[in-house]
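The values are calculated or read from the model by the stated rules, or taken from the named source; none is laboratory data. The structure displayed is predicted, hence computed values, not measured ones. FYI the Cβ positions are ideal-geometry reconstructions off the backbone, even for glycines, and counts take in every protein chain you see. When the accessible area is computed, the model is the full protein with side chains, heavy atoms only, and any ligands, DNA or RNA have been set aside. Shrake-Rupley method; radii C 1.70, N 1.55, O 1.52, S 1.80 Å.
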Amino acid sequence: NDGGGFCECERCKKLDNPGRRIRADDGTITARQILTDRLFAYANEVAREFHKSRPDRRLMMFAYTSAYIDPPERLKLEPSLVVQFCPSCDDFWQPKAREQMLERLDGWSKSCDRVAIWEYLDVEDWPCLPRPYLDLEADGIKQYWKRGARYFFSQSADDFATNGPAYYLAAKLAWNPQ
């Protein structure tokens, strides 16, 4: 999930769109391949088989890391598959990063019937520091709802003393994102 090491056999590589390369933060195109179509073709197969025995259940898969955060270009996802998109509203202070993340979310909303959000409300490297950008968090949650996300999960830590306001705001907006 967080790393690389994906299969390089010809059969798997045929599932990729050869023209899609990962874009670096500075906008340059890298040599690394976007693997969304490959990974979600696999997820679709699993979802189809799973649905045969459990039609009342859903499966979830992350849209995560630069290798597969972009939506697929060549396939529509199975109705029983929920995509858990992993943005971070703390990047929304950069207009270009905000726009790119919301465009990705729009693409996922077109590719599947159900989108979930995994938001990072903790400060990963420094868990005791407060998050001073509640306005970005509120904007993010409202934008996720507006763009079709109906499930919300927050990564949190044992830092309620410093980040309690962020958790409180997320809980309130999860009930009423308008």
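Key figures for this structure:
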| item | result |
| --- | --- |
| Any chance Leu105 is among the aliphatic types (A, V, I, L, M), more than 9 Å from the chain's Cα centre (by Cα), within 24 Å of Gln155 (Cα to Cα) and at pLDDT 90 or above | no |
| Contacts under 8 angstrom Cβ, first residue in region 145-168 being touching a residue at least 40 places away in the same chain (Cβ under 8 Å) and under 17 Å from Trp126 (Cα atoms), partner assigned to a helix (DSSP H, G or I) and open to solvent by 50 Å² or more (accessible area, probe 1.4 Å), 6 or more apart | Ala166/Leu134; Tyr167/Phe160 |
| Residue ID - nearest to the chain's Cα centre (by Cα), chosen from residues in region 27-47 that are modelled with pLDDT of 95 or more and of a type outside the set (A, V, I, L, M, F, W, C) | Asn44 |
| Residues (aliphatic (A, V, I, L, M), touching a strand residue (DSSP E or B) at 6+ places or on another chain (Cβ under 8 Å) and free of Cβ contacts under 8 Å to residues at least 60 places away in the same chain) located in region 34-76 | Ile34, Leu39, Ala43, Val46, Ala47, Leu59, Met60, Met61, Ala63, Ile69 |
| Residue, nearest to the chain's Cα centre (by Cα), within region 48-84, restricted to residues that are hydrophobic (A, V, I, L, M, F, W, C) and over 20 Å from Ile117 (Cα atoms) | Leu75 |
| Single residue of Tyr144, Tyr133, Tyr168 found to be farther than 17 Å from Cys86 by Cα, among the aromatic types (Phe, Trp, Tyr) and touching a helix residue (DSSP H, G or I) at 6+ places or on another chain (Cβ under 8 Å) | Tyr133 |
| Which numbered condition Phe50 fails, given (1) part of a strand (DSSP E or B); (2) in contact with a Lys or Arg (Cβ under 8 Å, 6 or more places away or on another chain); (3) open to solvent by less than 90 Å² (accessible area, probe 1.4 Å) | (1) |
